[in-house]
Amino acid sequence: MNQKKKKIRAIVRKSERIAENIFSMELFTEEPLSVRPGQFVGLYPDGEDKLLLRPISICEYRKETGILRLVYRVQGGGTKEFSGWKEGKETAFLGILGNGYPVEEIAEKAGGETGSVLLFGGGIGIPPLLALARELSAKTKVTTVLGYKTEETFLLHEFEQYGPVFTATEDGSCGTKGTVLDAVRENGISGDVLCACGPTPMLRAVKHFAEGRDCYLSLEERMACGIGACLACVCKTTDIDAHSHVHNARVCVEGPVFAADRVEI
Amino acid sequence: MEKTAEKTNRPDMTVEIAGVTLQNPVMTASGTFGSGMEYEDFLDLNRLGAVVTKGVANHPWEGNPTPRVAEVYGGMLNAIGLQNPGVDVFIERDLAFLKEKDTKIIVNVVGKTVEDYLEVVERLSEEDAVAMLEINVSCPNVKEGAIAFGQDAKALSDITGRIRRVSKKPIIIKLSPNVTDIVLLAKAAEDAGADALSMINTITGMKIDPESRRFVLANKTGGLSGPAVKPVAVRMVYQCAQAVKIPIIGMGGIANAQDAAEFLLAGASAVAIGCMHFHEPDTALQVVDGLEDYLVRQKLSSVRELIGAVRE
Ligand SMILES: Cc1cc2nc3c(=O)[nH]c(=O)nc-3n(C[C@H](O)[C@H](O)[C@H](O)COP(=O)(O)OP(=O)(O)OC[C@H]3O[C@@H](n4cnc5c(N)ncnc54)[C@H](O)[C@@H]3O)c2cc1C
Ligand SMILES: Cc1cc2nc3c(=O)[nH]c(=O)nc-3n(C[C@H](O)[C@H](O)[C@H](O)COP(=O)(O)O)c2cc1C
Ligand code: FES
């Protein structure tokens, strides 16, 4: 069950721009992987001046085809380099990292087929929710609320196959004008369990909105090792953490997905 | 069988530090390798000369706020702030794990006061599995203690002497490069009874994001490590090796066997691999294998022949 972490050799099968600054890359790996939604990989730029991995969430993985899909935003030098990778480019990423969403637990807490899960995705936090929506939709009802800056949306239609999708945009050009929570209020959306991935202000708002309902948040932090050794990527926890016996959990191993009431954000 | 026959023709990789024989001169650098558990998926710990653990204090330390790391050209800055679970948990969990391995265990010790250090040293002195203690008096990322002892020859001499008197293990003093003359500190440590020296800890640096106009690290400053610091580290190892008789463990930006050989030639008796593990998690093992091949190519029968053997 607990697969070894390692450098996994991969070859770029497809790389395309899907929105302003947003790219989708498909990597083929020969060896079968075991992947949970919300887990991530560490992708390394080739540039020798760049030492550290870039943590990128797994958007989708299909064992049948060996294709691992990453959707990312060009942020700085590393992701800029990735966006130039062409079909046939070989690389080796560090994986599979992080805990991922506990799909069974979420579906069960939601009440299974009669219950519902509400997914919140903001900006570049949207990609990992796609695999989550797919897996959850086999067990419970899934409603997704996606927040974008403008009408230049991405992945939106792919979510529609798993349940109703609502959008919010900062400029009001698509869906509700405002935040994902504005969209919830405007459309009277509800859910028994909440899952969110996106910028910290959104996570904070969702945590507050959850009000006693089970809520899972995917956090982001700067990383160096990606495997729990360097203690770079910690977040504040309400309880004493098992590793360092303080109040710091490592986002790269105990996370990135945390029960909202366990973390202070 | 063939393997053993081949092995006998291989160069002798053993080195000795303060009476402790290491199967090869390659260690992990403190703080970059945890206690080795997380790296077991990537390399066989039994093949390393030693595992040097993350700094251990008398009580759990929270460390600094995040962001704690930043990438810079050819290296990184870190300001972890020595988060650690304290010596009790360390002994119970990390040491219990490490003592099953066929490698030497070197525990990095930190404290805020001399008494803190002494408490940890006394506790670890009772642990048979611990081969040596590395005294971290050079972490640039904590406000109290640590660095203060490493930047002043008198303070360094005092703490080294006091630790020497209570420690039943050989002590390695880890030197800071953030000083005007590292040789002064190396000598002070040697005179006060240090059994070995390790260098370099990270070089204090800073990164500012011009777009947001903010410091990248929450701590503002952080320690620079990685290939960018290697020339500074090699120079410091060379200078200190000229001035002291005790062995030196060299580190700073080692990425491969060639880099390791540079440190040995400069006068180090062993080397440690730090943040290159974040790039290639099995770097230390690649250095072990690469160093053996290098010795064969150089027609040397023992790695010890390399130590300080740089030609003018
Ligand atoms: C668990 C996790 C999952 C992620 N998933 C995705 C994803 O699916 N798609 C996506 O576009 N982005 C994702 N990110 C953010 C992504 O890692 C950064 O955008 C990326 O590392 C930026 O690298 P760069 O070289 O382009 O930028 P630079 O700013 O040049 O990077 C400099 C350094 O800072 C680090 N860094 C910069 N921004 C971030 C950030 N937001 N989080 C962590 N480290 C950062 C880089 O890794 C690098 O070490 C994720 C981050 C985490 C922690
Ligand atoms: C993330 C990180 C954490 C570190 N923690 C410690 C520590 O706890 N104690 C210590 O003595 N040195 C610590 N160091 C310093 C390293 O042991 C080493 O001296 C330095 O990084 C130079 O080697 P390198 O360039 O190979 O990384 C740390 C370095 C890094 C990058
Ligand atoms: S990145 Fe090193 S512990 Fe998480």
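Taking a ≥ b ≥ c as the square roots of the Cα gyration tensor eigenvalues, region A:103-218 comes out prolate, since a/c reaches at least 1.5 and a/b is larger than b/c. If you sort the three axes of the alpha carbon gyration tensor as a ≥ b ≥ c, you get a/c of 1.5 or more for region B:133-286 and a/b no higher than b/c, which makes it oblate.
Buried surface for the B/A pair, taken as the accessible area of each chain alone minus that of the pair with a 1.4 Å probe, is close to 2800 Å² in total.
Using R0 = 25 Å, the C-beta based FRET efficiency linking B:Ile208 and B:Asp152 works out to 0.30. In region A:6-97, the C-alpha radius of gyration followed by the widest Cα-Cα span (Dmax) gives 12.1, 36 angstrom. Taking the helices alone, the protein assembly as shown has a mean residue ellipticity at 222 nm of -7000 deg cm²/dmol, built from -39,500 (n - 2.57) per DSSP H run of at least 4 residues and averaged over all its residues. For region A:6-97, averaging the sequence separation of C-alpha pairs within contact (under 8 Å, six or more residues apart) and dividing by the residue count gives a relative contact order of 42 percent.
Projected label points at B:Arg235 and A:Glu186, each 7 Å from Cα along the beta carbon direction, are separated by 6.1 nanometres. Length gained on full extension, B:Phe97 to B:Arg47, computed as 0.36 nm times the residue gap minus the Cα-Cα distance: 16.4 nm. The mean count of C-beta atoms from other chains within 10 Å of the C-beta of residues in A:246-254, rounded to a whole number, is 2. Taking 7 Å steps out from each Cα toward its Cβ at A:Glu264 and B:Val310 produces label points 4.9 nm apart. Per-residue Karplus couplings for region B:51-57, computed as 6.51 cos²θ - 1.76 cosθ + 1.60 with θ equal to phi - 60°, are listed in order as 10, 9, 7, 4, x, 10, 10 Hz, Gly and Pro entered as x.
Remark on B:Ile173: its backbone amide H falls under 5 Å from those of B:Ile135, B:Asp195, B:Ala196, B:Leu197, B:Ser198, a criterion applied only to residues 5 or more positions apart or on other chains, H modelled at 1.01 Å from N. Extension gain for B:Arg297-B:Asp12 works out to 101.2 nm (0.36 nm per residue, less the C-alpha to C-alpha distance). Binning the alpha carbon pair distances of chain A at 5 angstrom intervals from zero yields the distribution 1, 6, 13, 18, 19, 18, 14, 8, 3, 0, 0, expressed in whole percent. For region A:1-69 versus region B:12-65, the inter-centroid distance based on Cα atoms is 30 Å. Give, as ranges by residue number, the residues of region A:171-208 whose backbone N falls under 18 Å from the point 7 Å along Cα→Cβ of A:Glu160. Of the residues in region A:171-208, A:173-176 have backbone N under 18 Å from the label point off A:Glu160. The 3J(HN,Hα) values that the Karplus relation (6.51, -1.76, 1.60; θ = phi - 60°) gives for region A:89-104 are, in residue order, 5, 9, 8, 9, 10, 8, x, 8, 10, x, 8, x, 6, x, 4, 4 Hz. Gly and Pro appear as x. Amide hydrogen proximity for A:Phe166: with H placed 1.01 Å from N in the peptide plane, the residues at 5 or more positions away or on another chain lying under 5 Å are A:Thr144, A:Val145, A:Leu146. With a Förster radius of 51 Å applied to the beta-carbon distance between B:Val114 and A:Glu31, the computed FRET efficiency rounds to 0.45. For the protein assembly as shown, the solvent-accessible area of protein heavy atoms averages 41 Å² per residue (probe radius 1.4 Å; ligands and nucleic acids excluded).
Computed over protein heavy atoms with a 1.4 Å probe, the carbon and sulfur contribution to the accessible area of region A:93-147 reaches 46%. With each label modelled as a point 7 angstrom along the Cα→C-beta vector, the A:Lys149-A:Lys177 pair spans 1.9 nm. Taking all protein chains together, A:Thr176, A:Thr114 sort by accessible area into A:Thr114, A:Thr176, largest first [probe 1.4 Å].
Residues of region B:51-99 whose accessible area, computed with a 1.4 Å probe over protein heavy atoms, drops by at least 50 Å² once all protein chains are present relative to their chain alone are B:Glu62, B:Thr66, B:Val69, B:Glu71, B:Gln83, B:Arg93. Across all Cα pairs in chain B, the calculated P(r) in 10 Å bins from zero up to the longest distance comes to 6, 29, 37, 21, 5, 1, 0 percent per bin. For the protein assembly as shown, the pair-distance distribution built from all alpha carbon pairs, in bins 10 Å wide starting at 0, is 3, 17, 26, 23, 16, 10, 4, 1, 0 percent.
The values are calculated or read from the model by the stated rules, or taken from the named source; none is laboratory data. Since we're looking at a predicted model, the values are computed, not measured. Here Cβ is always computed from backbone atoms with ideal geometry, including for glycine, and neighbour counts include all displayed protein chains. For accessibility, only protein heavy atoms count, side chains too; no ligands or nucleic acids. Shrake-Rupley method; radii C 1.70, N 1.55, O 1.52, S 1.80 Å.
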